[in-house]
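First the structure, which I've put down as structure tokens, then a few questions once you've had a look.
The values are calculated or read from the model by the stated rules, or taken from the named source; none is laboratory data. Since the model is a prediction, treat every value here as computed from it, not as a measurement. When we count neighbours, we look across all protein chains shown, and the Cβ atoms used for this are built from the backbone with ideal geometry, even at glycine. Remember, those area values only see protein heavy atoms, side chains included, never the ligands or the DNA or RNA. Shrake-Rupley method; radii C 1.70, N 1.55, O 1.52, S 1.80 Å.
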Amino acid sequence: MRVVSGTCKGRSLKAVPGNTTRPTTDKVKEAIFNIIGPYFDGGIGLDLFAGSGGLGIEALSRGVDKVIFIDRDPKAVQIIHQNIKACNFAEKAEIYRNDAERAIKALTKREIHFDYVFLDPPYKKQQLVNLMEKLDINNLVNDRGIIVCEHSFEVELPQSVGRFIQKKHEKYGIIAVTIYESGMES
């Protein structure tokens, strides 16, 4: 696992030990960023099931200003800290140990609005629609903001969830990626 492109291109990233997390493969990561980027002129990202932090670190490497990393696994949080340090992104990252729902409540209180949200929850606990509804209700995604959902190829996500409209759906073997864009406030 490595950073595919940008300022940290080629940098190896540590994976979370054990089999509780499933890192996004370099191939899928590259495909995601070719669709949504490939490079960015700033913005704020949220890596909600961060694991090793690979998606958020890739976003930082490609020009996103800041990423908030959240994972409930203490081993994952420790690995994210190590990977952020290795890429010299400490000034651009906030890392929290929390579950997704509580994290959304905390972020809502801080009135943070995201340009890029990466959702890669455990496949067995598929909660993408519920999480997107919470992101929408709490107005956490900017107009034209992007939500990247990584999920099992067997999962079919709706064409829209609240203000979020599906823009792209691709399958990569057993992995699927569905990308939504936030519409304007009504």
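Hey, can you tell me all the residues within region 141-169 that are within 14 Å of V28 (Cα to Cα) and at pLDDT below 95?
E150, H151, S152, F153
Also, quick follow-up: Tell me whether region 78-99 contains one or more residues that are touching a Ser or Thr at 6+ places or on another chain (Cβ under 7 Å), at pLDDT 95 or above and open to solvent by 10 Å² or more (accessible area, probe 1.4 Å).
Checked against the condition, which is being touching a Ser or Thr at 6+ places or on another chain (Cβ under 7 Å), at pLDDT 95 or above and open to solvent by 10 Å² or more (accessible area, probe 1.4 Å), region 78-99 yields at least one hit.
Taking the criterion of being in contact with an Asp or Glu (Cβ under 8 Å, 6 or more places away or on another chain) and on the phi > 0 side of the Ramachandran plot, would at least one residue in region 114-137 satisfy it?
No, region 114-137 has no match at all.
On the given criteria, is R22 charged (D, E, K, R) and either over 20 Å from F153 (Cα atoms) or modelled with pLDDT of 95 or more (or both)? If you could, list the steps in order and put the result at the bottom.
Working: charged (D, E, K, R): yes; either over 20 Å from F153 (Cα atoms) or modelled with pLDDT of 95 or more (or both): no.
For R22, the condition - charged (D, E, K, R) and either over 20 Å from F153 (Cα atoms) or modelled with pLDDT of 95 or more (or both) - is not met.
Here's another thing I want to ask about it. If you take the residues in region 109-138 that are more than 17 Å from the chain's Cα centre (by Cα) and not aliphatic (A, V, I, L, M), which one is least open to solvent (accessible area, probe 1.4 Å)? Lay out the reasoning, then the answer.
Just the residues of region 109-138 that are more than 17 Å from the chain's Cα centre (by Cα), to begin with: 109-111, 124, 137-138.
Then drop every residue that is not not aliphatic (A, V, I, L, M), which leaves 109-111, 124, 138.
On the way: K109: 172, R110: 112, E111: 140, K124: 197, N138: 56 Å².
Going through the qualifying residues, I end up with N138.
Additional query: So which residues in region 127-153 are touching a strand residue (DSSP E or B) at 6+ places or on another chain (Cβ under 8 Å), of a type outside the set (A, V, I, L, M, F, W, C) and over 20 Å from G54 (Cβ atoms)?
Residues of region 127-153 that are touching a strand residue (DSSP E or B) at 6+ places or on another chain (Cβ under 8 Å), as a first pass: 128-129, 131-133, 135-136, 140-153.
In the following step, the residues that additionally are of a type outside the set (A, V, I, L, M, F, W, C) were identified as 133, 136, 142-145, 150-152.
Within region 127-153, E133, D136, N142, D143, R144, G145 meet the criteria.
Consider region 8-43. How many of its residues are crowded, with 20+ Cβ neighbours inside 10 Å and part of a strand (DSSP E or B)?
Here the count works out to 0.
Could you list all residues from region 52-70 that are outside any helix (DSSP H, G or I) and either open to solvent by 20 Å² or more (accessible area, probe 1.4 Å) or more than 19 Å from L107 (Cα to Cα) (or both)?
Pass one, region 52-70, residues outside any helix (DSSP H, G or I): 52-53, 62-70.
Listed by number, the residues that qualify are S52, R62, G63, D65, K66.
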